[in-house]
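Derivation of every value follows stated rules applied to the coordinates shown; laboratory data play no part. If you're wondering where the values come from, they're calculated on a predicted model, not measured in any experiment. Reconstructed Cβ throughout: ideal geometry from the backbone, glycine too, with neighbour counts over all protein chains shown.
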Amino acid sequence: MMRYEQAPDVEAQVAELTAALGFAHIDLSRVRCVRSYGSKSRRTLARCHALPRILQTAMTLRAHYVIELVTEHYDRLPPEEQIKTLIHELLHIPKSFSRGGGGGFRHHHVVNRRAVERCYRQWLRADGQHAS
C-alpha cells in the first residue's frame, strides 16, 4: 500500500534551487514535496503532479504542484543526482504558473538531460557555494 509523508527538508532544497536558478515564476506557496513509500515502479525517481483544472475550477483554487519523491529509488541516489532530479521536476512547472495560469506541464521535449545539466552547472556556480 502506498504511503505519503510531507518532505519539508526537500521543500527547503527546492526553495534554494528556485532562488539560485532564477525560477521566479515558481510560487513556492503552491508547491509541496512529499515522499512516497511502497511504489511498485521500477525506474521512477520522482514525479511532478499538478492539481487538475477541474478541481481548480470547482474548488476556486489556483494551480498547485506536488513533487513526489519515490523513496525506494530517490533515496539511493548520490546527492548530485538528487539535485538533478529536483531540477528536472521543477523544469516541468511552466512559466505561466506565476501569471495565474491553469497549471499544466512542460513536457520532455523541453525538460531533458541537456536542460537539467545546464541548470545544474548554473546551480554549482551560484556563489560558488555548491562546488564539489
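Taking segment 17-53 as the range and being more than 23 Å from residue 97 (Cα to Cα) and free of Cβ contacts under 8 Å to residues at least 24 places away in the same chain as the test, the residues that pass are 40, 42.
If you check residue 37 against the conditions, is it over 27 Å from residue 122 (Cα atoms) and of a type in the set (Phe, Trp, Tyr)? Let's see the steps before the verdict.
Numbers: over 27 Å from residue 122 (Cα atoms): yes; of a type in the set (Phe, Trp, Tyr): yes.
In short, yes.
Quick one: which strands (runs of 3 or more DSSP E) lie wholly within segment 1-64 and hold at least 2 residues that are of a type in the set (A, V, I, L, M, F, W, C), on the phi < 0 side of the Ramachandran plot and exposed (fewer than 13 other Cβ atoms within 10 Å of the Cβ)?
Details: elements: 3-6, 31-37, 46-50.
Filter on segment 1-64 gives an empty set.
The residue list 73, 92 contains one member that is touching a Ser or Thr at 6+ places or on another chain (Cβ under 7 Å) and touching a residue at least 24 places away in the same chain (Cβ under 8 Å), which is 73.
For segment 65-99, a tally of residues being basic (Lys, Arg), loosely packed, with under 15 Cβ neighbours inside 10 Å and not in a loop (DSSP other than H, G, I, E, B) returns 2. For segment 32-84, the candidate set comprises residues that are aromatic (Phe, Trp, Tyr) and under 27 Å from residue 118 (Cβ atoms); within that set, the residue that is nearest to the chain's Cα centre (by Cα) is 65.
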